[in-house]
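The values are calculated or read from the model by the stated rules, or taken from the named source; none is laboratory data. If you're wondering where the values come from, they're calculated on a predicted model, not measured in any experiment. Glycine also receives a Cβ, built like all others from the backbone with ideal geometry; neighbour counts cover every protein chain displayed.
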Amino acid sequence: MISVENVSFEYGEGGFRLHIPHLSLRERERLAIVGPSGSGKTTLLNLIAGILLPKSGRIDIDGTDVTGLSDAERRQFRASHIGFVFQDFALLDYLSARQNILYPYRITPALKLDADARSRAEALADACGIGDKLDRHPAALSQGEQQRVAICRALVTQPKLILSDEATGNLDPESKGRILDLLFQQAADVGATVLAVTHDHELLPRFERVIDFAQYREVAAA
Ligand code: ADP
Ligand code: MG
């Protein structure tokens, strides 16, 4: 499903460097990434999502070499194949929670905003416990509620790949498990692969495989 081969990345000359010799995920796999803050976990998710481009190496997703696509093609590929829960939520302040959840449909011609999409958005919001807050703007939502909006937005298009960056970081312990269950259930329903960065060690047993990112930092420093 995903293969990362010999990928190098650097933030500017002399900036943070990341080198991933090899990382692959099977279709439908649930993989967790743990590792110290600043070790490059978010950077890797951004590389896989095609938000950042590697300096060298190759990233294949579902048979497509995303490093070989144009900027516009990468954007469309991301919108139609990938659901990304950003660490900082990346919600748009001027849109309501509902509009934020449905945002992928605004920017992706290939996705049709029909009645199914709208009812999926509502069902996800209900399942996340924010069904009664869909008309509020992010400023009127708590951090945990904003995080749930971001999760709904990542799932509403039923993507084949779900990238999640500390998606449960702002939730209370009880909600964490429930929201992860929802994410896994959605993934199972559409046969999606899940790659999740998490600091919640109590959630790790729910994943099929866990990678410690510290190993890549050592390679990068060499
Ligand atoms: P993690 O998600 O594991 O905490 P990040 O991938 O966010 O780590 O960051 C890895 C390193 O890259 C950090 O040292 C961070 O300061 C640096 N970094 C992140 N984003 C940028 C950026 N846009 N420009 C320059 N350096 C960055
Ligand atoms: Mg991070």
Please work out which one of (1) closer than 23 Å to residue 120 by Cα; (2) in contact (Cβ under 8 Å) with a residue 60 or more places away in the chain is the condition residue 168 fails and give its number. (2)
Select from the range 172-218 the residues that are among the aliphatic types (A, V, I, L, M) and farther than 27 Å from residue 10 by Cβ and list them in ascending order. 179, 180, 182, 183, 187, 188, 190, 192, 194, 203, 204
Restricting to the range 188-201, name every residue that is outside any strand (DSSP E or B) and touching a Gly at 6+ places or on another chain (Cβ under 9 Å). 192, 198, 199, 200
Out of (1) within 16 Å of ligand 2 (Cβ to nearest atom); (2) buried (at least 16 other Cβ atoms within 10 Å of the Cβ), the odd one out for residue 182 is which? (1)
List, please: which pairs have Cβ atoms under 6 Å, are six or more places apart or on different chains, and start with a residue in the range 132-145 that is part of a helix (DSSP H, G or I) and end with one that is among the β-branched types (Val, Ile, Thr)? 145/130
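Which ones in the range 166-191 are within 16 Å of ligand 1 (Cβ to nearest atom) and either modelled with pLDDT of 95 or more or not charged (D, E, K, R) (or both)?
So the first thing to find is which residues in the range 166-191 are within 16 Å of ligand 1 (Cβ to nearest atom), and the list is 166-170.
Listed by number, the residues that qualify are 167, 168, 169, 170.
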I'd like to know if the range 148-171 contains one or more residues that are within 12 Å of residue 85 (Cβ to Cβ), in a strand (DSSP E or B) and of a type in the set (Ser, Thr, Tyr). yes
Which one of these does residue 3 not meet: (1) more than 16 Å from ligand 1 (Cβ to nearest atom); (2) modelled with pLDDT under 95; (3) hydroxyl-bearing (Ser, Thr, Tyr)? (2)
For residue 57, are the conditions met, namely being within 16 Å of ligand 2 (Cβ to nearest atom) and at positive phi? no
Just one of 38, 63 is free of Cβ contacts under 8 Å to residues at least 24 places away in the same chain, within 16 Å of ligand 2 (Cβ to nearest atom) and either among the small types (Gly, Ala, Ser) or touching a helix residue (DSSP H, G or I) at 6+ places or on another chain (Cβ under 9 Å) (or both); which is it? 38
Taking the range 53-96 and keeping residues in contact with an Asp or Glu (Cβ under 7 Å, 6 or more places away or on another chain) and among the small types (Gly, Ala, Ser) leaves 57, 96
